[in-house]
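Accompanying notes for the structure given below.
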Amino acid sequence: MSKALDFFCSCCGDRHDGLPLSYGTEAPDYWKPGMEDPPHNVLSSDQCVIGGRAFFIRGLIEIPLVDADDVFTWNVWVSLSHQNFVRALEFWEIPGRESEPPYFGWLSTELPIYSPSTINLKTNLHTRPIGERPVIELEPTDHPLAVEQRTGITLDRARQIAEFLLHGRR
């Protein structure tokens, strides 16, 4: 991490080494401790199935940084229909999978920095080459997360997000 991205925290006054530009969750919000019950419940680093009826894929919401040559990333989960989930898995290890049309889904990760809730925002999940996590495109609404994805954020906004996630305050 570049020393240029070190920052002094307005919440605690400490200097933090490196401004984190990526955050994520290990599971969709619907996954609860104790659900580890294959084959009806499965959680891997990329896919999740709950009760054999809810299907999720992990992907990235990429937000351009307008004042840096980088992107800010939310590593989140999207629910897909059974049909789209099966199709995505069918092509998961097939070269050229990035040519698949996007899969409609619902954002299934609560990002507490945003209001209103990010749960169930409409999305399109775009697969990328093997080894790369899919990219999630939000429906172009006036939700703050969708606006940030379209217009980008500043390093100062990334610092505000880091402070909130580190200290629970805006």
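The values are calculated or read from the model by the stated rules, or taken from the named source; none is laboratory data. This is a predicted model, so every value here is computed, not measured. Neighbour counts run over all protein chains shown; Cβ positions are idealised from the backbone, glycine included. SASA here: full protein model, heavy atoms, side chains in, ligands and nucleic acids out. Shrake-Rupley method; radii C 1.70, N 1.55, O 1.52, S 1.80 Å.
How high is the FRET efficiency between residue 25 and residue 114 when r is their beta carbon distance and R₀ equals 22 Å, given to the nearest 0.05?
Once the sixth-power term is evaluated, E becomes 0.95.
Can you pull the percent of the stretch 97-170's accessible area that's carbon plus sulfur, 1.4 Å probe, other chains left in place? Mind dumping the intermediate values first?
Details: 1930 of 3610 Å².
C and S atoms contribute 53 percent here.
Kindly report the accessible area of the chain per residue (heavy atoms of protein chains, probe 1.4 Å, no ligands, DNA or RNA), in Å². It would help to have the intermediate numbers written out before the result.
Values: 8980 Å² over 170 residues.
On a per-residue basis, 53 Å².
What's the local net charge at residue 149, with K and R +1, D and E -1, over the other residues with C-beta under 9 Å away?
-2
Cβ under 10 Å from residue 130's Cβ, residue 130 left aside: what net charge do those residues give with Lys, Arg +1 and Asp, Glu -1?
So the surrounding residues net to -1.
In percent, what relative contact order does the chain have, based on Cα pairs under 8 Å that are 6 or more apart in sequence? Provide the component values of the computation, followed by the final result.
Working: 312 pairs, mean separation 34.2, N = 170.
After rounding, I find 20 percent.
Size of the dipole of the stretch 46-151 about the Cα centre, Lys and Arg at +1 and Asp and Glu at -1 on the beta carbon, nothing else charged, in debye to 20?
About 480 debye.
What does the charge count around residue 89 come to, taking other residues whose C-beta lies under 11 Å from its C-beta (Lys +1, Arg +1, Asp -1, Glu -1)?
Surrounding charge for residue 89 is -1.
Hey, what's the Kirkwood Rh for the chain if you take every pair of different alpha carbons, in angstrom?
For the chain, inverting the mean 1/r across all distinct Cα pairs yields 17.1 Å.
In nm, what is the difference between 0.36 nm times the number of residues separating residue 165 and residue 83 and their Cα-Cα distance?
Between residue 165 and residue 83, full extension yields an extra 26.0 nm.
Expressed in nm to one decimal, what extension gain is obtained for the pair residue 98 and residue 142 from 0.36 nm per residue of sequence separation less their Cα-Cα distance?
Values: separation 44, 0.36 × 44 = 15.84 nm, distance 2.81 nm.
Length difference between fully extended and current span is 13.0 nm.
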